[in-house]
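The values are calculated or read from the model by the stated rules, or taken from the named source; none is laboratory data. Everything numeric in this text was worked out from a predicted model, so none of it was measured. Cβ placement follows ideal geometry from the backbone for every residue including glycine, while neighbour counts extend to all protein chains displayed.
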Amino acid sequence: MSVQGGIVDSHVHLLPGRIGEKVRAFFTAGEDRGAFTLAYPADHTDVADRLWSEGVKEIWNLPYSHRTGVAEGLNEASRATVDAFSEHPMHIVGGATVHPDDDDPSEVVRRALDVHGLSVLKLHCSVGDFPVDDTRLHGAFRVAAERRMPVVIHLGHAVNGLTEEHEIDSIDRLCNTHPDLPVVLAHFGHHSAREASALFDRHPQFHADLTPVVTARPDVTAGMLAAHPDRILFGTDAPNTAITVTDHVAWLRSFGIGEEAEQQILGANARRLVAAVQY
């Protein structure tokens, strides 16, 4: 089965310069975590070529701010990456980021949309060391909601990014406070997919992606996927993942949820979200 319009990988990190090198080293150097053998090279062009060869026609390139004062630079770099790959056959959707310690988080998001033309907002709570329902982010979320900008959120209390059951409650509170905000829970809240799945029925704008955490796929079931295929996105975390697009697609299809559901997850849902953004 071919994917209409091609696969959209909604969770890719083509990070700039030293930040990209440091993130890469985190996964490959080992230290107290053990070193991983990653499936993709570090070079951005090589990553894009590999993803294209596996049927990926579009990616969301997601920077993330680990401290105050770096979001604007990351957003500028994200725009530069979009421009640098303008002639590559694979389309890059530019992502933005913000941190609650920034002087004016709402202005950072406005500039991401109006100045840099970026389409998706990414927050990495474990790396940035903040709760997603931090009140200082409310203005940024209001801007994103007004402009229909999807917000990809990596929960978790540690750099390993694992999400405890009680942390899903913060997404519930966020969705209650900003009901029009298109929320995408990264990694399906791994390893709390059951708790995350309960949010689909409570919040019409809640989504989740199937991005693995290096070697571990989200702990989802066929029933979870079949219940809400219109609000689940495909992702890999390339280039810092041990799982290829090809293997991850095969894993998704092993659930037997049907072609229509697979088409939604592998591309249609992500395209719909980006098409709704108001620049």
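Considering each of Leu174, Leu181 in turn, give the residue that is touching a Cys at 6+ places or on another chain (Cβ under 9 Å), at pLDDT 95 or above and either part of a loop (DSSP other than H, G, I, E, B) or surrounded by 22 or more Cβ atoms within 10 Å (Cβ to Cβ) (or both).
Leu181
Taking Gly235 as the residue in question, decide whether it is farther than 22 Å from Phe36 by Cα and in a loop (DSSP other than H, G, I, E, B).
Values: farther than 22 Å from Phe36 by Cα: no; in a loop (DSSP other than H, G, I, E, B): yes.
The answer is no for Gly235.
Only one of Leu199, Leu266, Leu273 is out of contact with any helix residue (DSSP H, G or I) (no Cβ under 9 Å at 6 or more places or on another chain) and either part of a helix (DSSP H, G or I) or modelled with pLDDT of 95 or more (or both). Can you tell me which?
Values: Leu199 fails: out of contact with any helix residue (DSSP H, G or I) (no Cβ under 9 Å at 6 or more places or on another chain); Leu266 fails: out of contact with any helix residue (DSSP H, G or I) (no Cβ under 9 Å at 6 or more places or on another chain).
Only one candidate passes the filter, namely Leu273.
If you check Ala238 against the conditions, is it over 16 Å from the mean Cα position of the chain (by Cα) and in contact (Cβ under 8 Å) with a residue 60 or more places away in the chain?
no
Would you check which residues across region 226-238 are in contact with a helix residue (DSSP H, G or I) (Cβ under 7 Å, 6 or more places away or on another chain) and buried (at least 17 other Cβ atoms within 10 Å of the Cβ) and list them?
Matches in region 226-238: His228, Pro229, Arg231, Ile232, Leu233, Phe234, Thr236, Ala238.
With respect to Asp83, is the statement that it is under 24 Å from Leu266 (Cβ atoms) and free of Cβ contacts under 8 Å to residues at least 24 places away in the same chain true?
Here the answer is no, as Asp83 does not meet what is asked.
When the residues of region 66-80 are filtered to those that are modelled with pLDDT of 95 or more and touching a helix residue (DSSP H, G or I) at 6+ places or on another chain (Cβ under 7 Å), which remaining residue is nearest to Asp129 (Cα to Cα)?
Ala71
Only one of Leu266, Leu273 is touching a residue at least 40 places away in the same chain (Cβ under 8 Å), more than 13 Å from the chain's Cα centre (by Cα), within 29 Å of His116 (Cβ to Cβ) and surrounded by 18 or more Cβ atoms within 10 Å (Cβ to Cβ). Can you tell me which?
Just one listed residue meets the conditions, Leu266.
How many residues, within region 32-66, are touching a strand residue (DSSP E or B) at 6+ places or on another chain (Cβ under 7 Å), buried (at least 17 other Cβ atoms within 10 Å of the Cβ) and part of a loop (DSSP other than H, G, I, E, B)?
The total comes to 5.
Among the numbered criteria (1) modelled with pLDDT under 95; (2) more than 19 Å from the chain's Cα centre (by Cα), which single criterion is violated by Gly20?
Unmet condition: (2).
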